[in-house]
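The values are calculated or read from the model by the stated rules, or taken from the named source; none is laboratory data. The model shown is predicted, which means the values in this text are computed figures rather than measured ones. Don't worry about glycine lacking a Cβ; one is built from the backbone with ideal geometry, like all the others, and counts go over all protein chains shown. Remember, those area values only see protein heavy atoms, side chains included, never the ligands or the DNA or RNA. Shrake-Rupley method; radii C 1.70, N 1.55, O 1.52, S 1.80 Å.
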Amino acid sequence: MAVKGLREKRRRQRREAFELVKVFSVSLAVALAVTAFVRPTLVRGQSMEPTLENNDYLIVKSSSLLGTVPEYGDLIVFNSKVASKEGYTRLLKRVIGLPGDTIEIKDGTVFRNGAPLKEDYLKETGTTGNLEKFKVEENRVFVMGDNRANSLDSRNRMLGTIGFEDIIGTAEFRLFPLSKIGRLK
């Protein structure tokens, strides 16, 4: 009788261990799937003020696996060719121009395909500097920060336009600060 009880106890322990391995495996698979499509990002700097501020915590929808093409006004996170102490810098900017668009900046106004943009999201009225008509290349986007006076963006030759392959994703949701939690756009 003692042998039978011992065998039953071992079977129960194996079943419990197997259930534990199943739960852990499913949890790991779900976590990997979620992080493949969603990435947390912390805003650094003032280039996107007033829309986003330093230390805002965002959820970014990955574009690499989904093959999403950016749209006008999207806030994208991308790998830039700008070097930093940690390597290359990830930046966050607003999409102003898509492939084939002509962008021009004249007298403080940004023009896309000859039409002035209405940009209610800007920190200050107007855009500093001028840019002669510029055509956005295929598979690239023209980006700018909302704080135009303090933004390294496509107006600067050091950064230039951003290739689709460099886009990490689109900022979709702000988690922090809690007073500003919500969907972005």
### Query
Among all the aspartates and glutamates, which ones have a C-alpha under 19 Å from K4's C-alpha, if same-chain residues fewer than 8 places away are not counted?
E16
### Task
Just grab the label-to-label distance for R44 and N156, each label 7 Å out from Cα along the Cβ direction, in nm (one decimal).
1.4 nm
### Task
Name the aspartates and glutamates eligible as straight-distance cross-link partners of K9: C-alpha to C-alpha under 20 Å, and not fewer than 8 places from it in the same chain.
E19
### Query
Cross-link list K81/K135; K61/K81; K118/K180; K61/K133; K81/K180; K106/K135: which exceed 26 angstrom alpha carbon to alpha carbon?
K61/K133; K81/K180
## Note on the structure
To the nearest Å², the heavy-atom accessible area per residue of region 136-181 with 1.4 Å probe amounts to 48 Å²
### Query
Contour minus end-to-end for Y121 and T102, with contour as 0.36 nm per residue of separation and end-to-end as the Cα-Cα distance?
4.7 nm
## Note on the structure
Of the candidate values (i) 10, 40, 37, 12, 0; (ii) 9, 30, 28, 12, 6, 6, 5, 3, 1, 0; (iii) 9, 34, 38, 18, 2, the one computed for P(r) over Cα pairs in 10 Å bins from 0, in percent from this structure is (ii)
### Accessible surface of region 90-185 [probe 1.4 Å, protein heavy atoms]: carbon and sulfur percent
49 percent
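Find how much the distance from F18 to L6 grows on full extension, using 0.36 nm per residue of separation minus their present alpha carbon separation; answer in nm with one decimal. All intermediate terms of the calculation are to be shown ahead of the outcome.
Details: separation 12, 0.36 × 12 = 4.32 nm, distance 1.83 nm.
Between F18 and L6, full extension yields 2.5 nm more.
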### For region 52-185: relative contact order, % (alpha-carbon pairs under 8 angstrom, 6 or more apart)
32 percent
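Rg(Cα) of region 93-181 divided by 2.2 N^0.38 Å?
Rounded to two decimals, the normalised Rg is 1.14.
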